[in-house]
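Take a look at the structure set out below.
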Amino acid sequence: MNSGRFLLWWDRVIAMTVKELKQLFRDPVLLAIIVYFFTADVYMAGNGIKLNLHSASVMVIDHDHSAASRELIYRFRPPYFDLKGEISGKKEAENLLNKGQILAVLDIPEHFQRDLLRGKQVAVQLQVDTSNTVLGTLATSYATEITAGFGQDLAMQQLGLNAGQMNSLPVIEDRHRVLYNPNQTDGWFMSISELLTVITILSMMLPAAAAVREKERGTIEQLAVSPLTPLQILLPKVIAMSLVILLGTAVCLFLIIIPVFHLPVKGSIGLFFAVTALYVFATSGIGLFIATVSRSLGQVSMLVILLLMPILLLSGAWTPPEAMPQGLRWAMAISPLYYFIEMGYDILLKGAGIAVLKDSLLGLTLLGLVFFSFGVWRFRRQFG
């Protein structure tokens with residue numbers, strides 16, 4: 001008798017799951033959105049967003065017009081800087097910076113070469129538009145490195161030293177190794193980050209949309225008075241949408257990220273999909289909660305955006321945890337994306353196994369149980 005009830009319970013779940021999949025595939029707009037997210041959106045993020053300085057526009061005020069000033073100016077060249085030419089004075093520089101037409105202005109003083117040859121310290125001024133803080137900071141750092149290299153080369157030349165003689169002097173040599181992404185390819189990081197964000201959005205949006213669609217069509221009351229339990233009504237929505245998200249993840253990995261960005265997958269693909277399935281289950285509980293307080297798909301979209309922002313900000317995707325205040329670092333424990341990002345990068349780029357991921361797996365599992373149980377409880381309370 002118990003086995004018969006068990007089989008009947010799962011027969012109903014499977015039938016409802018098939019119903020959800022059929023309803024999804026009859027919605028061309030939603031299907032187009034899913035396809036866009038897992039293909040074009042990830043491609044644009046990986047191919048279009050650069051974390052390094054590239055072709056930063058710079059103009060020069062050269063008061064010296066000497067060989068030394070020309071040598072310094074020449075070093076501000078592609079791919080990092082794009083030299084736009086020379087301007088006459090500071091007023092023109094401020095005007096261009098205020099209009100956002102250039103990023104920086106290099107101001108070389110008079111007697112630049114003469115003072116250098118006399119062994120005097122010479123300061124050059126770099127005015128930088130830091131309305132975009134990240135870009136301005138990068139430009140300042142690169143310019144500092146360029147001017148430091150110019151000064152070192154000039155000092156060696158004045159002392160009559162060549163590279164071979166410098167090697168015989170006592171110096172501190174910086175030898176560093178870049179692990180997991182030796183060429184520091186931005187596409188690897190950005191494409192994976194965007195994929196994990198897309199999974200987060202859809203794992204909240206799709207179950208919520210499936211439940212709210214029942215409200216809009218007036219069928220949710222029929223399901224509530226049917227022999228189905230609240231779990232049998234909600235679990236198929238989660239299972240169906242999880243299958244769609246896993247399929248989209250596979251398409252994104254094998255058609256976009258790996259072949260286009262040449263991502264060398266170090267770990268187990270099967271483990272990554274298992275972690276993704278667990279993550280979709282965890283965040284779908286948030287979607288079910290959204291469905292219980294929403295009456296239309298428009299409200300679902302707004303609530304997803306409202307809850308998505310703190311999840312992203314507390315995940316470490318935009319700001320490293322070490323750069324956050326201590327209170328926010330503690331709050332990161334309630335962001336499921338924090339655990340997913342840790343495990344996603346560890347599996348795909350580092351080849352980590354379960355032994356390394358066990359703490360994150362435990363945290364994500366606990367959050368998933370809490371979120372999903374709360375979503376089912378809200379549904380039972382609303383329609384029970």
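Values for this structure:
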{"read-out": "Flag if LEU278 is touching a Leu at 6+ places or on another chain (Cβ under 9 Å) and without any contact (Cβ under 8 Å) to a residue 24 or more places away in the chain", "value": "no"}
{"read-out": "Positions within the stretch 171-181 being over 30 Å from VAL265 (Cα atoms) and either surrounded by 10 or more Cβ atoms within 10 Å (Cβ to Cβ) or modelled with pLDDT of 70 or more (or both), in sequence order", "value": "ILE172, GLU173"}
{"read-out": "Boolean, LYS350 is touching a residue at least 60 places away in the same chain (Cβ under 8 Å), open to solvent by 60 Å² or more (accessible area, probe 1.4 Å) and charged (D, E, K, R)", "value": "yes"}
{"read-out": "Extreme residue, farthest from THR185 (Cα to Cα), among residues of the stretch 11-54 that are open to solvent by less than 60 Å² (accessible area, probe 1.4 Å) and not in a helix (DSSP H, G or I)", "value": "ASP27"}
{"read-out": "Pair list, Cβ under 6 Å, 6 or more apart: the stretch 290-310 residue polar (S, T, N, Q), other residue open to solvent by 40 Å² or more (accessible area, probe 1.4 Å) and at pLDDT below 85", "value": "THR292/ARG378; THR292/GLN382"}
{"read-out": "Selection within the stretch 86-140 - within 17 Å of ALA67 (Cβ to Cβ), of a type outside the set (Asp, Glu), open to solvent by less than 80 Å² (accessible area, probe 1.4 Å) and in a helix (DSSP H, G or I)", "value": "PHE112, GLN113, LEU116"}
{"read-out": "The stretch 311-332, subset open to solvent by less than 60 Å² (accessible area, probe 1.4 Å) and part of a helix (DSSP H, G or I), residue modelled with the lowest pLDDT", "value": "PRO321"}
{"read-out": "Lone qualifier among ILE290, ILE239, ILE257 - being over 26 Å from ALA45 (Cα atoms) and open to solvent by less than 10 Å² (accessible area, probe 1.4 Å)", "value": "ILE290"}
{"read-out": "Breaking point among (1) in contact with a Gly (Cβ under 7 Å, 6 or more places away or on another chain); (2) modelled with pLDDT under 80, for SER191", "value": "(2)"}
{"read-out": "Set SER284, SER294, SER301: member being among the polar types (S, T, N, Q) and within 16 Å of ILE245 (Cβ to Cβ)", "value": "SER284"}
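The values are calculated or read from the model by the stated rules, or taken from the named source; none is laboratory data. Since we're looking at a predicted model, the values are computed, not measured. Neighbour counts are summed over all protein chains in view; Cβ atoms, including those assigned to glycine, are modelled from backbone coordinates with ideal geometry. Accessible surface is based on the protein model in full, side chains and every heavy atom, while ligands, DNA and RNA are left aside. Shrake-Rupley method; radii C 1.70, N 1.55, O 1.52, S 1.80 Å.
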